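The values are calculated or read from the model by the stated rules, or taken from the named source; none is laboratory data. Predicted, not measured: the structure shown is a model, and the values here were computed from it. Cβ placement follows ideal geometry from the backbone for every residue including glycine, while neighbour counts extend to all protein chains displayed. Keep in mind that these areas ignore ligands, DNA and RNA; they rest on the heavy atoms of the full protein, side chains included. Shrake-Rupley method; radii C 1.70, N 1.55, O 1.52, S 1.80 Å.
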Amino acid sequence: MNSNMIGLINMREDRPLKEINDTRPLATLPIGGKYRLIDFTLSNMVNAGIENVGLMLSSQSRSVLDHIRSGKEWGLAHKGDGLFYLPEERVDIENPVEGDIAAYYRNLIFIRRANKRYALLSGCDMVQNIDYDEVLHFHRRHNADVTLIYQKQQYDFNREGYVLTIDTDCTDRVRAIDSKMEVKAGDNLYQRGIIIDCDVLQDCIRRAYSKGYNHLITDVFQRNVDRLRIFGYNYQGYAKRIDSLQSYFEVNMDLRDSRIWHELLLKDLDHRIYTKIKDEAPAKYMEESHVSNSLVANGCIIEGRVENSILFRRVRVGKNAVIRNSIIMQHSVIGDDAQLDYVVCDKNSVIQPEAVLQRTADDLLCIGKCSVR
Amino acid sequence: MKKSNCLAMILAGGKGSRLGVLTKDQAKPGLLFGGKYRIIDFPLSNCRNSGIDTVGILTQYQPLELNWYIGNGSSWNLDSNRGGTYVLPPYQSDGGSNWYRGTADAIYQNLNFVDMVGDDYVLILSGDHIYSMDYDKMLNFHKKHKAQVTIGTIRVPWDEASRFGIMVADEDMRINKFQEKPAQPESNLASMGIYIFDRKVLEDYLRADAKDEKSEHDFGKNVIPTMLADKVPLYAYPFEGYWKDVGTIDSLWQANMDLLADEPPINLRDSKWRIYSGNQSFPPHLIGPNGSAKSSLIAEGSEILGNVSNSVIFYGVTIKEGARVTNSVIMPGTVIEENAVIDKAILGERCHIYPGAVLRNEDGTVAVLGRKAQLKEEQPEVTVKGEDSL
C-alpha cells in the first residue's frame, strides 16, 4: 500500500494535562496500559498507508523523541520517506504567534518536498482507531478541497468546539463553521482531523500568512466556506478527545469495555495501535490475587486485589493491597496492604505499605511521577 | 562498541519428534513457551546479552515459520551494522545439494559463511533448551585456559547421567574422556551441546570429518572423540543454573508450570538480562467483570472472561464466561467458549473449544491438542494423550 498522502501532526496547540504532569506534552501522556497518546494518531496514519509523517514538535519534546525515535515500531524507518521531526524555529520561540498558520508556513518545504497530492492534518489528542483511507476515499469521491472530520454529539458538552453546519440535501457539503462555547447534543463537532489537497493547503497557508492570519479553521476555512469545496466526514466509531483529567480517566475506563477494547486496540491485523516495544514478560498473577474488570499490561506482578483499574507495564501490586477505579502507570509499586480508590498514579511511583489513598470519581487524586506516598 | 570476534551458529533444524502434533508443522526451536516466547528466543537473547553480534541460524525441518519469525534479527537487537542474523538453510552448490546429515555436517556445509564472517571463535548452540547463560564468560574461560575447544557442561543427577554425553575432566577442567550416553557414567558432568571452537581447529576437523565415510557427522559422536584422541586441548566449562530440555510433552508442560512458582527457576523479568521475542503489538489483556486469574501467567491481547488458575495463557487467547482453565498451557489465538473445562492440557495455536466441552485425561497425563484443533461438546471422552499416542 502506498498512499498519495502525507501526515502532519501538530503538537504545538496541545496543552499538557497539568493535573498529571505539567511538563510532559500531551503526545506522550501514558494511556491504555501501554500506549502514549500519540500512538493512536500515528498508528492510524501508517495503517492508512501514509509513509511520510511530519511531527510538528512543541518546545517540550524530549519525551516525544525518546518514545518515537526512528519510527521503527510504526514502520516509519524508511530510506527516503518516513518520519520527519519538525522542531520549532527560533523566530517562533522568540516571538510566539497565536494559531497554527505560522507553524504550517514554516513547514511548507516539508509539504512541497514530500510531493504528494493530499495532506492529513491532525493534532494528537484523539483516541480513536479511524480508517483514514476511508476518509480519503470520501474526499476524492466528493472532489473536495478540504474534508473535515466530525462526530454528531450524543450529549450536551460543557466545552467549546467548532460546530459544522452540513448541507441538508445529503451532499455532505459544509455550509458553515461556528465556534461554540458549549457544544450541545446533536451538534456536528469538528474532531481535529483534516484532509486537504496539498496544492490548496500551500496556497491557503501562503495567502493567510501574508495577510497575518492565525488560524486555519477560522481564518481560512470559515471565511472561505463558499469558495472552497469543504466537506464533512461523519466518523461514527469510538472517538474521544483528551482535554481534561476527566476525559483522560473516562477513556482509560472505557478501554476495559470488551467492545471498545476490541474496536480501538484489536480491530484487525491491519489496524493495530503500535507503540514502543519493551520486551516484558507476561503478567504474573500470584495465588492470592483477585483481579476483575481491569486492563493489565505485560511485566506486572499482582498479589493483591485489583478492580476496575488499568495497570501499565511492570507494575507491582503487593499482598492484600486493594486498588479500585485507578490508573497505575509503568514501573510503579503498590505496597502490601495499601488501599487506592480513584487514584491516577504516574510512572515510577512508590505507594508505601498500608497507605490509604481514597478519593471519588469527581475528585481524583493524581500522584506525580517518581513520587513516594 | 567493538566487534565481538565470536560468531554464534545455532542448530535449529531439530524436528522434535517426541512433541507430536506440536511440532508437526514447525521445527522444535519455533515451539512456543512461557506465554510469549519461542524456544529459540533463549539462545538468541543469550547471544544478544552476551555481546555477540553475528548469528547464523541453521534451519532444515519445516523452516518457513521459523524463518519468518527470525526475520532480520531486529527483535533481538541482532541486526547491527557490525554483524547481523543470517538464516542458513541447506543450499545447492557445484557439489550438488545436500540436506544437513548431522550437526557437524550442518556447520561443515556453512564453512564458507564462517570464513566470510572471519571471527576467531565459533560458538555452536542448539535451539532446543530453555536457559539463560552468559556466553562471554564461557569465551573468557576458553581464552584463559588456552583451549582449542570448550564444551558447555552442567552437573546432572547421577541417575540421569546415562542419558547424556558425559565428560570426565581433571581439576583444571581439561577433558580426559568423553562417554556418549554411558551405562556406567564415570562423572555427572553432562554436555549441554554448546561448544566454542577456535575457528582454524573447527575448519580442519570438519573438513576431515566430511571425508570420513564412516562418520555420522555428529559433534558428540564423531568430532569431539576424534579431537580427544588427537590430544587437542578440550576443556569443560561448568555452567550452573536452569537448563531445561523441552523435548517431550511432559517436560514442556512442566517447564511452563515451573514459571508459575513464586520464585521461578528462570527469571523472565530481569531487566539486565531481557528475554527478547518477536513482538505482536497486542494491547494489554482484559480481565472481565466475572473473570479471574490466579497463579498464572497471562500475556497481552488475551481476554479473560472466565476463570484461569495455575496456567500459562499466551497472547490473543479468548476465555469466555464460565469457562475454567486449570494447570494448562494455552497457545496464541485459541478460543475457549462458555463453560468449557480444560485441565492439565496443552492447546496449540488457534484451537477452538466449543461451549461446554471438557478436555482432561482421566489417567492424569497431559492432554494435547494440535494447532487449529476443534473440540465439541459431543465428544466428552477425549483421549488425546501425551507422547505415547502421538
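Only one of the listed residues (A:295, A:264) is closer than 30 Å to residue A:145 by Cα, outside any loop (DSSP other than H, G, I, E, B) and within 11 Å of another protein chain (Cβ to nearest Cβ). That residue is A:264.
Meeting the requirement of 3 or more residues that are among the small types (Gly, Ala, Ser) and in contact with a Lys or Arg (Cβ under 7 Å, 6 or more places away or on another chain), no strands (runs of 3 or more DSSP E) wholly within the stretch A:316-373 can be named.
Do we find a residue being free of Cβ contacts under 8 Å to residues at least 40 places away in the same chain and either hydroxyl-bearing (Ser, Thr, Tyr) or out of contact with any helix residue (DSSP H, G or I) (no Cβ under 7 Å at 6 or more places or on another chain) (or both) anywhere in the stretch A:50-59? Within the stretch A:50-59 (the criterion being free of Cβ contacts under 8 Å to residues at least 40 places away in the same chain and either hydroxyl-bearing (Ser, Thr, Tyr) or out of contact with any helix residue (DSSP H, G or I) (no Cβ under 7 Å at 6 or more places or on another chain) (or both)), the answer is yes, since at least one residue qualifies. The set of residues in the stretch A:4-56 that are part of a strand (DSSP E or B) and closer than 19 Å to residue A:264 by Cα comprises A:30, A:31, A:35, A:36. Each residue in the stretch B:164-204 was checked for being touching a strand residue (DSSP E or B) at 6+ places or on another chain (Cβ under 8 Å) and either under 24 Å from residue B:247 (Cα atoms) or in a helix (DSSP H, G or I) (or both), and 23 pass. Residue A:316 - would you say it is of a type outside the set (Phe, Trp, Tyr), under 21 Å from residue B:300 (Cα atoms), within 13 Å of another protein chain (Cβ to nearest Cβ) and touching a His at 6+ places or on another chain (Cβ under 6 Å)? When the stated conditions are applied, residue A:316 does not pass them. Applying the criterion of at least 2 residues that are acidic (Asp, Glu) and surrounded by 15 or more Cβ atoms within 10 Å (Cβ to Cβ) to the strands (runs of 3 or more DSSP E) found wholly in the stretch A:157-240 leaves an empty list.
Looking at B:297, B:268, which is the one that is assigned to a strand (DSSP E or B), surrounded by 18 or more Cβ atoms within 10 Å (Cβ to Cβ) and within 12 Å of chain A (Cβ to nearest Cβ)? Of the residues listed, the single one that is assigned to a strand (DSSP E or B), surrounded by 18 or more Cβ atoms within 10 Å (Cβ to Cβ) and within 12 Å of chain A (Cβ to nearest Cβ) is B:297. Considering only residues in the stretch A:117-130 that are surrounded by 17 or more Cβ atoms within 10 Å (Cβ to Cβ) and not aliphatic (A, V, I, L, M), the one that is nearest to residue A:43 (Cα to Cα) turns out to be A:129.
Find the residue count for the stretch B:246-256, including only residues that are surrounded by fewer than 19 Cβ atoms within 10 Å (Cβ to Cβ) and in contact (Cβ under 8 Å) with a residue 24 or more places away in the chain.
2
A Cβ distance below 6 Å, combined with a sequence gap of six or more or placement on separate chains, defines the contacts here; from the stretch B:8-33, residues that are under 21 Å from residue B:135 (Cα atoms) reach residues that are among the hydroxyl-bearing types (Ser, Thr, Tyr) in the pairs B:11/B:103; B:11/B:126; B:12/B:59.
For residue A:244, the criteria (1) within 14 Å of chain B (Cβ to nearest Cβ); (2) surrounded by fewer than 17 Cβ atoms within 10 Å (Cβ to Cβ); (3) under 30 Å from residue A:98 (Cβ atoms) hold in every case but one, which is (1).
From the list B:326, B:318, which one is within 21 Å of residue B:284 (Cα to Cα), hydroxyl-bearing (Ser, Thr, Tyr), free of Cβ contacts under 8 Å to residues at least 24 places away in the same chain and open to solvent by 10 Å² or more (accessible area, probe 1.4 Å)?
B:318 is the lone residue from the list that is within 21 Å of residue B:284 (Cα to Cα), hydroxyl-bearing (Ser, Thr, Tyr), free of Cβ contacts under 8 Å to residues at least 24 places away in the same chain and open to solvent by 10 Å² or more (accessible area, probe 1.4 Å).
Checking each residue in the stretch B:271-294 for being open to solvent by less than 50 Å² (accessible area, probe 1.4 Å) and of a type in the set (Gly, Ala, Ser) picks out B:277, B:278, B:281, B:288, B:291, B:292, B:293. Does the stretch A:93-116 contain at least one residue that is touching a residue at least 12 places away in the same chain (Cβ under 8 Å), of a type in the set (A, V, I, L, M) and open to solvent by 40 Å² or more (accessible area, probe 1.4 Å)? Yes: the stretch A:93-116 contains one or more residues that are touching a residue at least 12 places away in the same chain (Cβ under 8 Å), of a type in the set (A, V, I, L, M) and open to solvent by 40 Å² or more (accessible area, probe 1.4 Å). Within the set B:236, B:229, the sole residue that is more than 8 Å from chain A (Cβ to nearest Cβ), open to solvent by 40 Å² or more (accessible area, probe 1.4 Å) and hydrophobic (A, V, I, L, M, F, W, C) turns out to be B:229. Note on the stretch B:174-228: residues that are in contact with a Ser or Thr (Cβ under 7 Å, 6 or more places away or on another chain) and small (Gly, Ala, Ser) amount to 5. Residue count for the stretch B:300-314 satisfying the condition of being within 22 Å of the chain's Cα centre (by Cα), part of a loop (DSSP other than H, G, I, E, B) and either among the hydrophobic types (A, V, I, L, M, F, W, C) or at the interface with another protein chain (Cβ under 8 Å from one of its Cβ atoms) (or both): 1. The residue list B:105, B:41 contains one member that is in contact with a helix residue (DSSP H, G or I) (Cβ under 8 Å, 6 or more places away or on another chain) and within 14 Å of chain A (Cβ to nearest Cβ), which is B:41.
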